[in-house]
Amino acid sequence: MAVTDHVDLNGFMEGVKKRNPHQPEFVQAVQEVAEDIFEFMEDKEEYHSQQILRRIAEPDRVVSFRVCWEDDAGNIRVQRGWRVQNNNAIGPYKGGIRFHPSVTESVLKFLAFEQTFKNALTGLPMGGGKGGSNFNPKGKSVREIMRFCQSFMTELYRHIGADIDVPAGDIGVGGREIGFMFGQYKRITNNFTGVLTGKGLEWGGSLIRTEATGYGAVYFLENMLATKGENLEGKTAVISGSGNVATHAAEKIVQLGGKVLTLSDSGGFIHDPDGIDQEKIDWVKTHKTHRRGRIEEYVEAFPKATFHAGKTPWGVPCDVALPCATQNELLGEDAKMLVANGCRAVSEGANMPTDLDGVHTFKHARILYAPGKASNAGGVAVSGLEMSQNSERRSWKEEELQQMLKDIMSGIHNSCIRYGDQGGGYIDYVKGANIAGFKKVADAMLAFGVV
Ligand code: NDP
């Protein structure tokens, strides 16, 4: 077969599976994109002959390293760290760092692949990357977390830079961990530079970065509802997770007149029929983030609520749903249940929370369904704005940033409509996001020749 002969979707996916054995999350993410891109590429010979999708689905590089640290009892502990630099066609690699025991090379490759399209959708000059470790921060002392972060950065520093690769936070990595890592980077390199985002406001961070992912997912939801002449006023929302993204999504829903019924963590979900208002959200933020507590303790503080151990919240009837915890937390059966119970819109705060079955169910039901790469792009967008502020050595005002975030989210929404409008009032946001993100990266790659 000549190299320029086309393979079909199945042939392409067979190759991806063969080259990435035991990496189900990565294969799933590539399949979700390839399903739309193959159709789009049908009459575009150059993308085929230049093997663009094949090249985007092969990370530029995957760096894997040992992270040694000493726990409080004096034991030597060994973890694995990674940085996946997927694609830098349109800007320096950019994407978060995740510390969670479920982290594998497959998980980070899927996240870096998704990030490539998401970052392109923001309209800002950022390539796609992701990193992390199988380190479990739960139950660790602050000193242990500090020593781990320092050891992680002692290896990572040689692979990153303000114009090379700019990591941020993700699951298990918040402002505190970014501080420990930035401190170590600065110490090793003697260089105060915008090499990480999500920094503290005193040392180069941006206003609204903390809120941006959750708020952005709700702005995107509002944009989707507006296409049907609706808004969030009086609507019920089911949210999973109780970390950064979930609590800020809840906050924005409440500000816009909606009623949040659920939150969750890896132990189960709480259902509060009275609604989770700002006071309760503040309680969750303090309890989960600062005290590292469990969501089940919510029912002791607010006795009208119920806790459902080991369960996800998708069976609770609602108008809108926001999965904001982790990948593959909303399965085909959950998607069917949501649709059957009258859910009209789903905006993903997490990355790939819906499995392929679920995605197909939402598409088939033609409800308003936004994939994370579009709806949760607000976080990385404000990270991009943090990079600009660092380059300029100044800080923008909160109102300016709020407006920029809103504008970016509606810009992404418009891109999704441009490539995802199926006629008859139905917008396929998955297709729209995949094609818009792919086209920008692909056209840049064409300009560079075979590299
Ligand atoms: P946090 O660490 O702040 O919170 C994660 C939340 O998800 C916690 O409530 C955690 O519960 C829950 N969770 C984790 N794993 C599971 C699981 N297997 N089952 C059920 N619940 C689980 O992370 P973020 O809020 O920052 O991230 C959440 C999602 O949003 C991730 O998919 C992330 O990639 C994505 N995202 C985050 C961005 C950001 O700016 N932070 C940007 C874009 C996407 P527990 O406490 O029990 O572990």
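For the reader, a short list of remarks on this structure follows.
- When G129 is tested against the conditions (1) part of a strand (DSSP E or B); (2) farther than 22 Å from A370 by Cα, the lone failure is (2).
- Taking the criterion of being within 16 Å of the ligand (Cβ to nearest atom) and part of a helix (DSSP H, G or I), the residues of the stretch 143-166 that qualify are I145, F148, C149.
- Residue in the stretch 354-368 that is nearest to C324 (Cα to Cα), counting only those that are buried (at least 24 other Cβ atoms within 10 Å of the Cβ) and within 16 Å of the ligand (Cβ to nearest atom): T354
- If you filter the stretch 311-333 down to residues that are assigned to a loop (DSSP other than H, G, I, E, B) and of a type outside the set (A, V, I, L, M, F, W, C), you find that the one that is nearest to the ligand (Cβ to nearest atom) is T326.
- Single unsatisfied condition, L338 versus (1) over 22 Å from A112 (Cβ atoms); (2) open to solvent by 10 Å² or more (accessible area, probe 1.4 Å): (2)
- Any hit, the stretch 369-377, residues being within 16 Å of the ligand (Cβ to nearest atom) and either modelled with pLDDT under 95 or basic (K, R) (or both): yes
- Test: T262 is within 21 Å of T213 (Cβ to Cβ), touching a His at 6+ places or on another chain (Cβ under 8 Å) and either at pLDDT 95 or above or assigned to a helix (DSSP H, G or I) (or both): yes
- When residues of the stretch 167-191 are limited to those that are touching a residue at least 60 places away in the same chain (Cβ under 8 Å) and of a type in the set (D, E, K, R), the one nearest to the ligand (Cβ to nearest atom): D170
- Filter result for H22 (over 30 Å from V142 (Cα atoms), in contact with a His (Cβ under 7 Å, 6 or more places away or on another chain) and surrounded by fewer than 19 Cβ atoms within 10 Å (Cβ to Cβ)): no
- Checked against (1) within 16 Å of the ligand (Cβ to nearest atom); (2) open to solvent by less than 70 Å² (accessible area, probe 1.4 Å); (3) modelled with pLDDT of 95 or more; (4) not in a strand (DSSP E or B), V254 meets all criteria but (1).
Residues checked against (1) within 15 Å of the ligand (Cβ to nearest atom); (2) surrounded by fewer than 24 Cβ atoms within 10 Å (Cβ to Cβ):
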{"residue": "A73", "(1), (2)": "no, yes"}
{"residue": "I76", "(1), (2)": "no, yes"}
{"residue": "V84", "(1), (2)": "yes, no"}
{"residue": "G95", "(1), (2)": "yes, no"}
{"residue": "H100", "(1), (2)": "yes, yes"}
{"residue": "T104", "(1), (2)": "yes, yes"}
{"residue": "K109", "(1), (2)": "yes, no"}
{"residue": "E114", "(1), (2)": "yes, no"}
{"residue": "K118", "(1), (2)": "yes, no"}
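- Failed criterion for N134 (all others in (1) more than 19 Å from the chain's Cα centre (by Cα); (2) under 22 Å from D72 (Cα atoms); (3) open to solvent by 30 Å² or more (accessible area, probe 1.4 Å) hold): (1)
- Residues of the stretch 355-372 that are in a helix (DSSP H, G or I) and under 22 Å from P125 (Cα atoms): G372 alone.
Condition check ((1) crowded, with 20+ Cβ neighbours inside 10 Å; (2) under 30 Å from R344 (Cα atoms); (3) assigned by TED's automatic domain parsing to the domain that holds H271) across all residues:
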{"residue": "I178", "(1), (2), (3)": "yes, no, no"}
{"residue": "M181", "(1), (2), (3)": "yes, no, no"}
{"residue": "N190", "(1), (2), (3)": "no, no, no"}
{"residue": "E230", "(1), (2), (3)": "no, yes, yes"}
{"residue": "E233", "(1), (2), (3)": "no, yes, yes"}
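- Checked against (1) in the same structural domain as V84 (by TED's automatic domain parsing); (2) without any contact (Cβ under 8 Å) to a residue 40 or more places away in the chain; (3) open to solvent by 20 Å² or more (accessible area, probe 1.4 Å), E202 passes all but condition (1).
- Residue in the stretch 145-154 that is surrounded by fewer than 22 Cβ atoms within 10 Å (Cβ to Cβ) and on the phi > 0 side of the Ramachandran plot present: no
To keep it simple, each residue is scored yes or no on (1) touching an Asp or Glu at 6+ places or on another chain (Cβ under 6 Å); (2) in a helix (DSSP H, G or I); (3) surrounded by fewer than 16 Cβ atoms within 10 Å (Cβ to Cβ).
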position: A350; (1), (2), (3): no, no, no
position: A374; (1), (2), (3): no, yes, no
position: G384; (1), (2), (3): no, yes, no
position: R394; (1), (2), (3): no, no, yes
position: Q402; (1), (2), (3): no, yes, no
position: D407; (1), (2), (3): no, yes, yes
position: I412; (1), (2), (3): no, yes, no
position: G424; (1), (2), (3): no, no, yes
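- Lone unmet requirement of (1) within 15 Å of the ligand (Cβ to nearest atom); (2) open to solvent by 20 Å² or more (accessible area, probe 1.4 Å); (3) touching a residue at least 40 places away in the same chain (Cβ under 8 Å); (4) farther than 24 Å from E32 by Cβ for L124: (4)
- Filtered residues of the stretch 192-224 (kept if in a helix (DSSP H, G or I) and either within 13 Å of the ligand (Cβ to nearest atom) or in contact with a strand residue (DSSP E or B) (Cβ under 6 Å, 6 or more places away or on another chain) (or both)): R209, T210, E211, A212, T213, G214, Y215, G216, A217, F220, L221, M224
The values are calculated or read from the model by the stated rules, or taken from the named source; none is laboratory data. Remember, it's a predicted structure, so these values are computed and weren't measured experimentally. In this analysis, Cβ positions are derived from the backbone assuming ideal geometry, glycine residues included, and neighbour counts consider all displayed protein chains. Side chains are part of the model used for accessible areas, which takes the heavy atoms of the whole protein and leaves out ligands, DNA and RNA. Shrake-Rupley method; radii C 1.70, N 1.55, O 1.52, S 1.80 Å.
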